[in-house]
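Shown next, in structure tokens, is the structure this report addresses.
Just so you know, all these numbers are worked out from the coordinates, no wet-lab data involved. None of these values were measured; they are calculated from a predicted model. Cβ atoms come from the backbone with ideal geometry, glycine included; neighbour counts cover every protein chain shown.
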Amino acid sequence: MNTNDIRKAYLEFFRSKAHEIVTSDSLVPKDDPSLLFTGAGMNQFKEQFMGRNVTYRRATSSQKCLRTGDLENVGKTYSHHTFFEMLGNFSFGDYFKKEAIIWGWEFLTKTLKISPDKLWASVYKDDDEAYAIWRDVIKIPEARMVKMGEKDNFWPSEAPSKGPNGPCGPCSEIYYDWGVSAGCGKPDCTPACDCKRFTEVWNLVFTQFDRQSDSSLKPLPNKNIDTGMGLERIVAVMQGVRSNFEIDIFIPIIGEIEKAVARVQGPGSRVQKVRAIADHVRAVTFMISDGVMPSNEERGYVARKLIRRSLAHAADLGIKAPFLYKLVSIVVDVMRAEYPELAERRDDIAQVIKREEENFLIVLATQIPKVEEALLKVKSEKAQSKLPGLAFNFYDTYGMPYDMLEEMAEKFGLKIDRPAFEKLLDEQRAKSRANTKIKSEIFSDTFAKKVEALKITTEFLGYEKAHAEAKVVAVLEGGEVILDRTPFYGESGGQAGDWGSIETASGRMEVEDAKKIGNTIVHIGKMLKGSIKKDETAKVSIDENARARIMRNHTATHLLQAALRKVLGDHVHQTGSAVDQDRLRFDFTHMKKMEDREIARVEETVNEEIKKRIPVKKDIKDIEAAKKDGATALFGEKYDKKVRVVTISDFSKELCGGTHVDNTGEIEIFKITGESSIASGTRRIEAVTGDAAKSWIVLQEKSKKEKEAAETRKEEEKKASGARLKDELSRVDDIIKNARDVGAFKYLGASIENANMDILRALADRIKAKCPSIVVVLAAKADGKVSFVAAVTQDIIKDKALTANDLAKEMAKLLGGSGGGKPDFAQGGGKDPALLEPALSKLFEVVEGRLR
């Protein structure tokens, strides 16, 4: 059986057990601040596990997952990956241990026809119930059963003693036995042994407790099942290969890498590095497809890190040019059966990776010599203790992979202290976590969690109504109000929450924001009168003017995306957006800066659709039907079976739950105010509509006129200055007549009326040209200050060791200012014009003393 066959067999098996087949969620979890990436099949079912939004009691899925905790082991072991698929079956308060174990056994032994003699089971040491099911129902010999502690057989690991608080439970794992010859050979070898005899293929988690703050385990009212089986692992078992990298979906990728290595290195290759490249390019392909663009922050940093690690491995194998992007088409070909969206974005993904490769190769070309120089210095100074900090600097600042730095150090006979390096890395991670919105808790104790715990569903009336009567169902500690129904749109999908008011018999609240948390809409604001109490009847009104501005901007983003695809090409896909009353922001995939003509054409296209006054239709449709009709979906977004489709004639059709105008003419006018890069392969457009656009245009016109006026003034001043300079230069001979003889040399100190620094410099240069041996000090008063220049001919500098720099500093001292420069020319200024004449006189005395 190939990978696709096994995935399909698993899903169909659990469909036959009344499970709903649920499509894989994005690698980027939606509305879950606890996760950087989707790392398990259960992540998308968090709501159901907590007893909310349960529309089915049984579910099964093949979930795209990404983990980087064991990155250093990828390629070195049989089964470590960054990207992998997790097969899972789930029960939300329905069946429990017995069914989970029986069905797991049935699938492996009956559907996949794995010999029962090859399977072992582990259970948590205190879980007598699970142990009894394996022994008495499945009738697996106790010799092939093992009890383990909370580190290995509890989820989360070690939760009873170390936390976190929240849902948890024991687990039972199913292992495949490769035989005595595959492991340590000891007669008492079991899955508890670290040898490679056993492969853990399936983990059955029995979520039955709620851990309390006092470490006690309180039974959950509804017990859940959460299982996970690594698809690549079970495929390896079925295909009879020890390593996941030898299964059918990896063979073409690894084969292509080995061909490239053979071209530059000859026969043979370094297996670990080839496998790591294969893993990483698969992960990055899926990450970019789900909207994660390489960058220096959070998820984007992980994508960039994987690309750079792969390039470092490739360089070590002799590949010195961009190479990874060529593997994208192979990854797409082997994965497209289950993930057809990859084919739609294949070229975009390849271009993003190629750009990253090119940029990193430039980094390597500039940084490797610096690393080598730094290592040589460490070695010569015998400063081994500096190595961790040096390595961390190049790792953190320039993105150089640790493996590469380690190998370079070894070439100099040096060894990086890995624990010290890891300590620096942990400190950096701690700083990042403090500044990031990504939280580490599994179920974080946040405002959102408190709201979710209320299990309140707010009926949204805002598509049809701006005013309504509602019941107050909760008032939170901070004064936030939750209603049973509301016309307020809660911030979600990039659209800002509504403004307005809530009034009851006992109080009036000005609503300044509304947020959607799960199925609850929370109203946030300040009390204008009294207080609002639970169970009161409330009159609720949104600010219709504010809503209208938001709707204009939101519909404009739909027109914008369609226009971008029309002007730039079908590779354009939305990666993010933000819509509020004042402006709109739209992020999209595009590899280069938009040209001015392209921006103008996009803007013109949007305004053409606005002028047509096209009706904006909003319909509720089945998700599959909507997609077949050509509706655009946001990459990585999770949609319900029924979706809202916003259609603007044949120009734009998108899945969207936001609020929109009824006619494009209501937008009035659309104006792009900015276009920029926010990540590799991702651009951002900022724009305004309606009155905001008109005001922006007026301000731009005003700014343009002011700029033109300033340029005109500058030009006139330049002409006037030129005329003045010409006039002053014509008087040079008269000025020189005021020079005084000091021995064989001349000294000229003069105040030039209303001269600027340019005139003073030009005059000094002309005087020096006419007088071969002279000291010149020229000054001018303007705006309550003094400016001056000093110039000295080369013979005086040589014979008398007198420089313009000396004179400028002396003059500045006399004027209470500052000055300095080169030996032949210097300049400066002072704050008191009244000191100028005395300063010139005093300076003459100084010069006279030096020249005689």
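Kindly rank 681-690, 569-578, 178-187 from highest to lowest mean number of other beta carbons found within 10 Å of each residue.
Working: 681-690: 22.2, 569-578: 17.7, 178-187: 11.6.
Answer by packing, highest mean first, reads 681-690, 569-578, 178-187.
Let me spell out the model: positive unit charges on the Cβ of Lys and Arg, negative unit charges on the Cβ of Asp and Glu, origin at the Cα centre of segment 466-523. What dipole size does that give, in debye rounded to 20? Present the calculation step by step, with values, prior to reporting the outcome.
Details: 5 positive and 10 negative charges, 39 e Å.
Dipole of segment 466-523, to the nearest 20 debye: 180 debye.
Kindly identify segment 621-748 as rounded, prolate or oblate by the Cα gyration tensor criterion: order the square roots of the eigenvalues as a ≥ b ≥ c, call it rounded if a/c is under 1.5, otherwise compare a/b with b/c, prolate if a/b is larger, else oblate.
Working: a/c = 7.50, a/b = 3.48, b/c = 2.16.
Prolate is the answer for segment 621-748, as a/c is 1.5 or above and a/b outweighs b/c.
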ask   = With charges set only on the Cβ (+1 for Lys and Arg, -1 for Asp and Glu), what does the dipole of the chain come to about its Cα centre, in debye to the nearest 20?
value = 1260 debye
Length gained when the stretch SER243-ALA182 is fully extended (0.36 nm per residue, less Cα-Cα span) = 20.7 nm
key: Violating pairs (Cα-Cα greater than 24 angstrom) within the set LYS382/LYS423; LYS273/LYS354; LYS455/LYS617; LYS162/LYS186; LYS781/LYS809   = LYS455/LYS617; LYS162/LYS186
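Count the DSSP beta bridges whose two residues both fall in the chain, then state the antiparallel fraction as a percent rounded to the nearest 5.
Working: 119 of 136 bridges.
The antiparallel proportion sits near 90 percent.
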task = Enumerate the helices in the chain for which the Kyte-Doolittle hydropathy averages 1.6 or more and the C-alpha atoms extend at least 15 Å along the helix's axis, using complete DSSP H runs.
result = none
ask   = At 222 nm, what helix-only mean residue ellipticity would the chain give, in deg cm²/dmol to the nearest 500, using -39500 (n - 2.57) for each DSSP H run of four or more?
value = -12500 deg cm²/dmol
query = Which whole-number percent is the relative contact order of segment 54-145 (Cα, under 8 Å, 6+ apart)?
reply = 24 percent
remark   = Cross-link reach from LYS379 to aspartates and glutamates, straight Cα distance under 20 Å and at least 8 residues apart if same chain, gives ASP403, GLU406, GLU407, GLU410, ASP417
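Suppose a student asked you for the relative contact order of the chain, using Cα pairs under 8 Å spaced at least 6 residues apart; what percent would you report?
Working: 1558 pairs, mean separation 57.6, N = 852.
Result for the chain is 7 percent.
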request  = Would you please classify the overall shape of segment 32-142 from the alpha carbon gyration tensor, given that a ≥ b ≥ c denote the square roots of the eigenvalues, rounded means a/c under 1.5, and beyond that prolate means a/b larger than b/c while oblate covers the rest?
outcome  = oblate
remark   = If the label point sits 7 Å along Cα→Cβ of GLU459, residues of segment 498-531 with amide N under 14 Å come out as none
message = Calculate the FRET efficiency for ILE697 and ASP570 from the Cβ-Cβ distance with a Förster distance of 45 Å, rounded to the nearest 0.05.
response = 0.90
query = Mind ordering 307-318, 551-562, 617-628, 840-851 by average Cβ neighbours within 10 Å, highest first?
reply = 551-562, 307-318, 840-851, 617-628
inquiry  = Going by Cα centres, segment 785-852 and segment 297-334 are how many Å apart?
reply    = 63 Å
ask   = Which of PRO141, PHE788, GLY518 sits closest to the plus end of the dipole of the chain, meaning its Cα is farthest towards the positive end, when Lys and Arg get +1 and Asp and Glu get -1 on the C-beta?
value = PHE788
Extension reserve of the THR68-ARG852 stretch, reckoned as 0.36 nm per residue once the Cα distance is removed = 274.3 nm
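Based on the mean of other beta carbon atoms within 10 Å per residue, what is the order of 361-373, 583-595, most packed first? Can you show the working numbers first?
Values: 361-373: 13.5, 583-595: 18.5.
So the peptides 361-373, 583-595, ranked by packing, come out 583-595, 361-373.
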request  = Assuming a ≥ b ≥ c are the square roots of the Cα gyration tensor eigenvalues, decide whether the chain counts as rounded (a/c under 1.5), prolate (otherwise, with a/b larger than b/c) or oblate.
outcome  = prolate
note = For the chain, the charge dipole (Cβ of Lys, Arg +1; Cβ of Asp, Glu -1; about the Cα centre) points to a positive end, and the Cα of ILE735, THR486, ASN224 closest to that extreme belongs to ILE735
